[in-house]
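**Q** Structure provided below as structure tokens; questions to follow.
The values are calculated or read from the model by the stated rules, or taken from the named source; none is laboratory data. All figures in this text were calculated on a predicted structure; none of them were measured in a lab. Using ideal geometry, Cβ is built from the backbone for each residue, glycine included, and neighbour counts are taken over all protein chains shown.
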Amino acid sequence: MLLKHTTADVADRKALTINPAKTCQPIGAMYAALGIHGCMPHSHGSQGCCAYHRSALTRHYKEPVMAGTSSFTEGASVFGGQANLLAAFNNIFSIYDPDVVAVHSTCLSETIGDDLAQITQKAIDEGKIPEGKTVIYASTPSYVGSHVTGFSNMCAAMAEQMAVEGVEVKSPTINVVPGWVEPADMREIKRLLKAMKVTSIMFPDTSDVLDAPMTGKHQFYPRGGVTLNELRDSGKSRKTYCLGSWASAAAGEALWKKSRVPFEEMSLPIGIKATDRFLAAVSKETSCPVPQSITDERGRLVDMVADMQNYLSGKRVALWGDPDQLLSLAEFLIDLDMKPVYMVSGTPGKAFMAKMEAIVGEAVPEAKYKNGERADMFLMHQWIKEEGVDLLIGNTYGKYISRDEDIPFIRAGFPIYDRAGHSYFPTVGYAGGLRLVEKILDALMDRQDRDSTEEKFELVM
Amino acid sequence: MLEKYPAKVARKRQKAIVINDKTASQEIQANVRTVPGIITQRGCTYAGCKGVVLGPTRDIINLTHGPIGCGFYSWLTRRNQTTVQGQTPENQENFMTYCFSTDMQDSNIVFGGEKKLRQSIEEAYALVHPKAIGVFATCPVGLIGDDIHQVSKECTEKFGDCNVFAFSCEGYKGVSQSAGHHIANNQLFKHVIGTREDAPEGKYKINLLGEYNIGGDAFVIEDILAKCGITLIASFSGNSAYNKFAHSHHADLNAIMCHRSINYVAEMMETKYGIPWIKVNFIGAESSAKSLRKIAQYFGDAELIDRVEKVIAEEMIPVEEARKAALPKTEGKSAMLFVGGSRAHHYQDLFTELGMKSIAAGYEFGHRDDYEGREIIPSIKIDADSRNIEELTVTKDEERFRSRLSDEQKAKLEKAGLKFKDYEGLMTDMESETLVIDDLSHYEMEVLIKEYKPDIFCAGIKEKYAVQKMGVPLKQLHSYDYGGPYAGFEGAINFYKDIAKMTSSKIWGLIGAPWEKEKTLSASVVHDTKPVKKEEKESA
Ligand code: SF4
Ligand code: SF4
């Protein structure tokens, strides 16, 4: 047994977190910054954080993740990291020539009280930022929120610091803040909008950055990413769609405050209903109809589920990950007649409990869920020990529970360290729904095949 | 290579780059601060302490005191393997699959985190009753002034049957992971080593230091030692357990694998208990044989020497077979190694066995002695960053000190070629005209690859995909790309096979579509080599 010390008796913990279902803010800021074209993310703190964040992102995306660090030592920790950041600006622009440096703080620089706005201003005043180059910054203390908060803060910084203001007549373009999803998901959302003939600005956009082709050269700044011009123009757009409240609402709000672009918080478009809502809203706003080709995709998804419904119905599922993902996935699972019974997310936010209640309350009254401090995978595992489930959905760390408890497992969310493909195939939209249903069915049906007696072994299923 | 650097940076980096000359004694700059923004391979003190040295011990609860990230990223990501098989039921704890953290919140930063730490320790103790709990400080802890040592001490006293001890390994404490190794060594020495009196059975008793059981390396070494009749008391720290550390002072020899991360413990054990240490290397078949012979020579017993020779002879048969099978795919090729604090040296032996030349190498967190050899230690200037790290004053333990060798015996062994307390460093073993670079930056790495086009590049996960995008396969020498083990004879066979697979993979030949290649061939079309930009560059 790999997690042999986990038992079914849930004891109330007041301080200790075991096997967290979250990580820290800066990694989210780094991921978001990679979704800007020509951008070098920079971690203002000691170099360990940056090494950890780069490693974690690299293991997940299996792509180069380039980022700088201020490499604090004891001196910087006592006297402040201004000198380190100024030196870093100079070095980064000289050596790596990015268009933008996106700085985020760490626990260390936050605890010291370094002010990124002030240091950046100083760098500009002293001519340390070359002409035509841009620096944006976000405060991302990890003792607040989670990796999702960091992502959200960097997205908000993009809007706040880049968007133009004062444009009264808005263009027909819409903004989309996609949330912390895979490059393939961002690509898929853009494809759907393009099929609808909607012009859009997506920020951040990691497609063509973290799924770059092999060419024999290391393209330090790959083709993808939202450009600075697009970020500026986001202030002229008619509306911002924030996909997922936790990851994306802050950017929408920032853009409203700065440029008076109205925003709408939507569920992450995972599953049939959430995708329906997103496309319907965009269609209504832009007067661009959803084309038949997309409606057909939806039809295929509904068709597949209808055909295979008996394998899905009533199956109990445990999930862990980020609130935006969990809410949409739970809704989708219920549409599949499945039962999302356990959900945990380390990411705090009071709205989670009420929102989840609205989704599962009636359909799965037995469901248990929790978010914030100590809503960890240890707790979820204990729930599973109390009463088992048929399927696990979540990040790589679930494989230990899966093996110990012999429960089928499909990987979703962040991080996925032990499989490939998640960055290439979407889970959003109807196409993503098809992929998810395929994965769920494969997992459940492989299990049925494995467990059936010889006489019950089926050819046709 | 230095052209693009601002003048100050160029001056600094120049000292870290040496064209090796075996005939001269050369100095390299190492273990100094990293240039901010340069893109370094290095990690932090916490990573070196919690992640590297303490991580691989299965029955100590590693509790990270800090915000969630540090603990999260060091959770199971280093491939330290462990087994509880064959252990008595009461020794079958394994906490390595768990991540314990105090998950500090802003209120803890403002009002202090000691209360939450104490409560967390108590909850961990109540939950599983471990023998020991190690508390690891992350960056903010040092700044807000939590006294983790005091809290730990109080908990130890309160529990009575659980040793709680702490590590002030805040990430900023040093210039790299290396500082964390030192801190880990100190605390292990202070709180664990020598706390258990019963002596293990065995005729030839050794400890293995600096072997972290990545990918099962320690399992292989354990097997070979057992075959030879050598008793391994403790490995620091791979497949290791608290109780083994606790009575490791009964060993008669300390054999060091990774000199950088663990030489401190060896030195302190020698002073306190009288255990001599020698440098060994179980990476490479020849080096493994050499290391076994060294150990046998130390004990000087004909029976052991014969048995070791027999084991080597036996093991070398399949090794030679595998080597011959790999050679056609590897011979004459070149490798570069930039990793860790000993691996960039050790792995060159395996490449030599494959007929490959190591044309450039360097460490991520080595010190000058790891490059130039231990004899230069007195000439190393102690800078402010190193001075930060506690140097324990160790004295002879009058009761437990046991001289393992008389001066005479020692002199005799030395005369016969067995060197004690000796490490010659990486530069001594590399050929002249090869490049040695400390704390390689990303930019320097790209220049090296473009200029020298190595057939294989060895580094870590952060470098892997950038190098491969350039069409050069990268072998991770931290994680072995989830393969291995690579230690010992069995490991050498695995390595030969894996490298042959990489140097002969067909995929590298498929980079570029046929029509792209046609384009570059026809003189009329100019191939655009500039970075692809989505739109013209934004300018002022
Ligand atoms: S916060 Fe400090 S201890 Fe934690 S990863 Fe960063 S540098 Fe290391
Ligand atoms: S939690 Fe803080 S200190 Fe730790 S890795 Fe994250 S930013 Fe660094």
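**Q** Could you list, in sequence order, the residues of region A:109-132 that are among the hydrophobic types (A, V, I, L, M, F, W, C) and modelled with pLDDT under 95?
**A** Within region A:109-132, A:Ile112 is the sole residue that qualifies.
**Q** Would you check if there is a residue in region B:13-21 being more than 10 Å from chain A (Cβ to nearest Cβ), without any contact (Cβ under 8 Å) to a residue 24 or more places away in the chain, assigned to a loop (DSSP other than H, G, I, E, B) and not hydroxyl-bearing (Ser, Thr, Tyr)?
**A** yes
**Q** Follow-up. Do we find that B:Asp385 is within 14 Å of chain A (Cβ to nearest Cβ), touching a residue at least 12 places away in the same chain (Cβ under 8 Å) and farther than 22 Å from B:Tyr347 by Cα in this structure?
**A** When the stated conditions are applied, B:Asp385 passes them.
**Q** Does B:Glu27 satisfy being surrounded by fewer than 19 Cβ atoms within 10 Å (Cβ to Cβ), part of a loop (DSSP other than H, G, I, E, B), modelled with pLDDT of 95 or more and more than 8 Å from chain A (Cβ to nearest Cβ)?
**A** Yes.
**Q** If you go through region B:338-391, how many residues are in a loop (DSSP other than H, G, I, E, B) and of a type in the set (Asp, Glu)?
**A** 4
**Q** Would a scan of region A:144-155 turn up a residue that is within 15 Å of ligand 1 (Cβ to nearest atom) and either more than 7 Å from chain B (Cβ to nearest Cβ) or in a helix (DSSP H, G or I) (or both)?
**A** Yes, the conditions are met somewhere in region A:144-155.
**Q** If you don't mind, there's one more thing I want to ask. Only residues that are more than 10 Å from chain B (Cβ to nearest Cβ) and among the charged types (D, E, K, R): list them for region A:99-142, please.
**A** A:Asp114, A:Asp115, A:Lys122, A:Asp125, A:Glu126, A:Lys128
**Q** Mind listing just one residue for me: the one in region A:394-428 that is within 14 Å of chain B (Cβ to nearest Cβ) and among the hydroxyl-bearing types (Ser, Thr, Tyr) and, of those, surrounded by the most Cβ atoms within 10 Å (Cβ to Cβ)?
**A** A:Tyr397
**Q** Give just the number: which of (1) at the interface with chain B (Cβ under 7 Å from one of its Cβ atoms); (2) within 11 Å of ligand 2 (Cβ to nearest atom); (3) touching a residue at least 40 places away in the same chain (Cβ under 8 Å) does A:Ala51 not satisfy?
**A** The single condition A:Ala51 does not satisfy is (3).
**Q** Is it fair to say A:Ala32 is part of a helix (DSSP H, G or I), touching a Phe, Trp or Tyr at 6+ places or on another chain (Cβ under 8 Å) and crowded, with 24+ Cβ neighbours inside 10 Å?
**A** Considered against the rule, which asks whether it is part of a helix (DSSP H, G or I), touching a Phe, Trp or Tyr at 6+ places or on another chain (Cβ under 8 Å) and crowded, with 24+ Cβ neighbours inside 10 Å, A:Ala32 comes out as yes.
**Q** Got a sec? Which helices (runs of 4 or more DSSP H) wholly within region A:305-392 have at least 2 residues that are more than 21 Å from the chain's Cα centre (by Cα) and of a type in the set (Phe, Trp, Tyr)?
**A** A:377-386
**Q** Among the numbered criteria (1) surrounded by 22 or more Cβ atoms within 10 Å (Cβ to Cβ); (2) in a loop (DSSP other than H, G, I, E, B); (3) facing another protein chain (nearest Cβ under 7 Å); (4) away from ligand 2 (no atom under 16 Å from the Cβ), which one does A:Leu2 miss?
**A** (1)
Results for (1) in a helix (DSSP H, G or I); (2) basic (Lys, Arg); (3) over 30 Å from B:Lys464 (Cβ atoms); (4) modelled with pLDDT under 95, shown as yes or no for each residue.
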residue	(1), (2), (3), (4)
A:Leu231	yes, no, yes, no
A:Asp276	yes, no, yes, no
A:Ala281	yes, no, yes, no
A:Lys284	yes, yes, yes, no
A:Cys288	no, no, yes, no
A:Arg298	yes, yes, yes, no
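**Q** Are any of the residues in region A:140-152 touching a Cys at 6+ places or on another chain (Cβ under 7 Å) and more than 15 Å from ligand 2 (Cβ to nearest atom)?
**A** No, region A:140-152 contains no residue that is touching a Cys at 6+ places or on another chain (Cβ under 7 Å) and more than 15 Å from ligand 2 (Cβ to nearest atom).
**Q** Next up: Can you say whether B:Ser107 is within 24 Å of the chain's Cα centre (by Cα) and not basic (Lys, Arg), as far as the supplied structure shows?
**A** In short, no.
**Q** Restricting to region B:145-175, name every residue that is within 16 Å of ligand 2 (Cβ to nearest atom) and either farther than 18 Å from B:Asn388 by Cβ or of a type outside the set (A, V, I, L, M) (or both).
**A** Residues satisfying the conditions are B:Asp146, B:Phe167, B:Ser168, B:Cys169, B:Glu170, B:Gly171, B:Tyr172, B:Lys173, B:Gly174.
**Q** Something else now. For region B:238-259, indicate whether the set of residues that are free of Cβ contacts under 8 Å to residues at least 40 places away in the same chain and within 18 Å of the chain's Cα centre (by Cα) is non-empty.
**A** No, region B:238-259 contains no residue that is free of Cβ contacts under 8 Å to residues at least 40 places away in the same chain and within 18 Å of the chain's Cα centre (by Cα).
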